[in-house]
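Take a look at the structure set out below.
The values are calculated or read from the model by the stated rules, or taken from the named source; none is laboratory data. The structure presented is a predicted model; accordingly, all values stated were derived computationally and were not measured. All Cβ positions, even for glycine, are placed from backbone atoms using ideal geometry, and neighbour counts span all protein chains on display. These accessible areas exclude ligands, DNA and RNA; they are computed on the full protein's heavy atoms, side chains included. Shrake-Rupley method; radii C 1.70, N 1.55, O 1.52, S 1.80 Å.
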Amino acid sequence: MKNVLVIGASRGIGLEFVRQYREYGDRVIATARDDAGMKRIEAMGAKALRVDVADPASVSGLGWQLDGEKFDVSLYVAGVYSTAGATQPPAQDEFDRVMRTNVLGAMQAIPQVAPLVEAAGGRFAFLSSQMAYMGGTDSSFGWTYRVSKTALNMVVKAAQQDYPRAVMVAISPGWVQTDMGGPGAPMTPEQSVTWMRRSLDGVTARHKGAFLNYDGRRFKGW
Ligand SMILES: NC(=O)c1ccc[n+]([C@@H]2O[C@H](COP(=O)([O-])OP(=O)(O)OC[C@H]3O[C@@H](n4cnc5c(N)ncnc54)[C@H](OP(=O)(O)O)[C@@H]3O)[C@@H](O)[C@H]2O)c1
């Protein structure tokens, strides 16, 4: 049985991680920022905590809520999307919304959670995106989002240096049928999360700081 933490699990990929880990008998603590999300987590037999990753005070409360815990697997899934491209400057509030959720929230969660992952010699994965892959960039579509996930990849790589007893990776879920991915995406949340769970099971010390695709392959030269 694994001890699992999922940050940002009210719906979509995060909620599917909760469902699958619970299905395999693991103990899961998961976060949402409203009552409806917390109820969906609890309905799967997981413990729900309230965290808004864009609110520094809320994230800093995570540490004491997790006092005494150790995590074999921890996942930072919370994220928001933005589609605008480089023909207009980003609106300030849109830039702040994306960067606070996708980057700052992860940077604030790491000092609270990474020691608990180290205590179990576990894995800490951060949901990135293939849109962060520089080698595959052929459009400015979603440039604020791209920048945020590329920054997240660096957050993971840099933070790994301070938490050597954990393995920290950024992982792209592929294009997935969620509120964010839309109905035209080729993968269901069940398929994507099945792949990612399998890939994370195979992660070892040689993956420290890596940027992986959902199937476990590395993005080369990212
Ligand atoms: N779907 C795709 O095709 C795809 C592709 C590449 C990467 N990703 C990444 O995968 C992750 C999950 O995406 P998804 O497709 O499941 O998206 P989603 O269906 O839109 O769900 C986003 C999740 O993030 C949470 N969240 C957003 N802002 C938050 C905040 N301030 N505090 C706490 N939680 C917050 C949402 O909670 P609320 O319900 O409270 O809003 C929700 O649980 C994201 O990081 C996304 O960037 C997705």
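Going through Thr188, Thr194, Thr204, Thr137 one at a time, which residue ends up being more than 12 Å from the ligand (Cβ to nearest atom) and either in contact with a strand residue (DSSP E or B) (Cβ under 9 Å, 6 or more places away or on another chain) or of a type in the set (Lys, Arg) (or both)?
Going through Thr188, Thr194, Thr204, Thr137 in turn, the sole match is Thr204.
Within region 1-76, considering only strands (runs of 3 or more DSSP E) that don't extend past its boundaries, which have at least 1 residues that are within 13 Å of Arg197 (Cα to Cα) and modelled with pLDDT of 95 or more?
3-7, 73-76
What are the residue pairs meeting all of these: first residue in region 200-222, first residue without any contact (Cβ under 8 Å) to a residue 12 or more places away in the chain, second residue in a loop (DSSP other than H, G, I, E, B) and not hydroxyl-bearing (Ser, Thr, Tyr), Cβ atoms under 9 Å, and 6 or more apart or on different chains?
From region 200-222, the pairs are Arg218/Ala210.
Which residues, taken from region 45-89, are open to solvent by 60 Å² or more (accessible area, probe 1.4 Å) and of a type outside the set (Gly, Ala, Ser)?
Lys47, Arg50, Asp55, Trp64, Asp67, Lys70, Tyr81, Thr83, Thr87, Gln88, Pro89, listed by residue number.
Suppose we filter region 1-26 for residues that are without any contact (Cβ under 8 Å) to a residue 24 or more places away in the chain and aromatic (Phe, Trp, Tyr); how many remain?
1
What tally of residues in region 28-44 results from selecting those that are crowded, with 17+ Cβ neighbours inside 10 Å and under 19 Å from Met1 (Cα atoms)?
Residues that pass the stated criteria total 5.
Which is part of a helix (DSSP H, G or I), open to solvent by less than 20 Å² (accessible area, probe 1.4 Å) and under 19 Å from Leu15 (Cβ atoms), of Ser148, Ser192?
The match here is Ser192.
Among the residues of region 159-184, what is the count of those that are in a loop (DSSP other than H, G, I, E, B), away from the ligand (no atom under 16 Å from the Cβ) and open to solvent by less than 20 Å² (accessible area, probe 1.4 Å)?
So the answer is 1.
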